1. Which value results when the Cα radius of gyration for segment 130-169 is divided by 2.2 N^0.38 Å?
2. At R0 = 35 Å, how high is the FRET efficiency between Glu44 and Ser71 if r is their beta carbon distance? Nearest 0.05 is fine.
3. Counting only heavy atoms of protein chains, what accessible area per residue, in Å², does segment 1-148 have with a probe of 1.4 Å?
4. Roughly how large, in nm² to one decimal, is the mean projection of the convex hull of the alpha-carbon atoms in segment 65-140?
5. Just to verify a number: FRET efficiency for Arg23 and Asp158, C-beta to C-beta distance, R0 = 22 Å, to 0.05?
6. Once the cut-off is 26 Å, how many percent of the Cα-Cα pairs in the chain end up in the long-distance tail?
7. By the scheme Lys and Arg +1, Asp and Glu -1, what is the net charge of all other residues having a beta-carbon under 12 Å from that of Lys75?
8. Expressed as a rounded percentage, what relative contact order does the chain have, with Cα pairs under 8 Å and six or more residues apart?
Amino acid sequence: MIVVGITGASGVIYGIRLLEALRELNIENTLVMSDLAKVVIESETDYDVDDVIKMADNYYEFHDLTASINSGSFKTEGMVIVPCTMKTLSSIANGYGSNTITRVADVNLKEKRPLVIVPRETPLRSIHIQNMLTLSQEGATILPAMPGFYSNPKTIDDQINFVVGKILDSLKIDNDLFKRWK
């Protein structure tokens with residue numbers, strides 16, 4: 001089971017496409033969305049928040065720190081935060097698990113489970129880079145939403161699939177979402 005956290009950065013379509021891909025691959029998933037992610041979904045996409053929630057096998061509220069998913073005894077095969085705001089990244093890097101997304105990320109790090117963070121910010125300040133370095137040193141994978149162009153993408157969907165395919169690769173999940181370098 002993969003936990004998907006969607007925060008309020010631009011690029012929520014990456015998280016939505018990841019949920020679709022996990023479903024297509026018959027991989028159980030659990031979703032947590034920040035309050036701002038719901039606003040950005042309505043602003044950036046044609047998806048309704050309730051429809052995104054229905055894509056998930058399980059859903060937990062953003063502020064529910066009593067949910068079982070917040071415990072290290074809750075078994076997962078990893079977590080992806082896509083997109084990840086700099087606030088969320090900073091909270092995780094500094095051990096501040098004040099909501100379900102940051103707490104579950106903290107649990108994944110302490111339990112040595114995969115944590116893939118897809119930051120969505122540009123340009124970056126030095127503190128952003130430092131926080132990414134801190135998380136990388138603790139075992140997180142930092143996977144910026146930077147589509148590759150060697151596959152000669154034709155559509156925005158091709159570029160989204162490239163990033164989502166790289167996320168799945170980071171979790172060691174076989175996929176054919178993008179054309180690989182030959």
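1. Details: Rg = 12.6 Å, N = 40, 2.2 N^0.38 = 8.9 Å.
My calculation over the Cα atoms of segment 130-169 gives 1.41.
2. Numbers: r = 33 Å, r/R0 = 0.93.
Efficiency computed from Cβ-Cβ geometry: 0.60.
3. Values: 6770 Å² over 148 residues.
Accessible surface, normalised per residue, equals 46 Å².
4. On the way: hull surface 17.9 nm².
Average projection, Cα convex hull of segment 65-140: 4.5 nm².
5. On the way: r = 20 Å, r/R0 = 0.90.
Efficiency for this residue pair is about 0.65.
6. On the way: 3806 of 16471 pairs.
Result for the distance tail: 23 percent.
7. On the way: positive: Arg113; negative: Glu28, Glu77, Glu111.
Net of charged neighbours comes to -2.
8. Details: 325 pairs, mean separation 38.5, N = 182.
21 percent.
The values are calculated or read from the model by the stated rules, or taken from the named source; none is laboratory data. Fair warning: this is a prediction, and the values are worked out from it, not measured in the lab. Cβ sites come from the backbone with ideal geometry, for glycine too, and all protein chains shown count toward neighbours. Ligands, DNA and RNA are stripped out before the accessible areas are found, and what is left, the full protein with its side chains, is counted by its heavy atoms. Shrake-Rupley method; radii C 1.70, N 1.55, O 1.52, S 1.80 Å.
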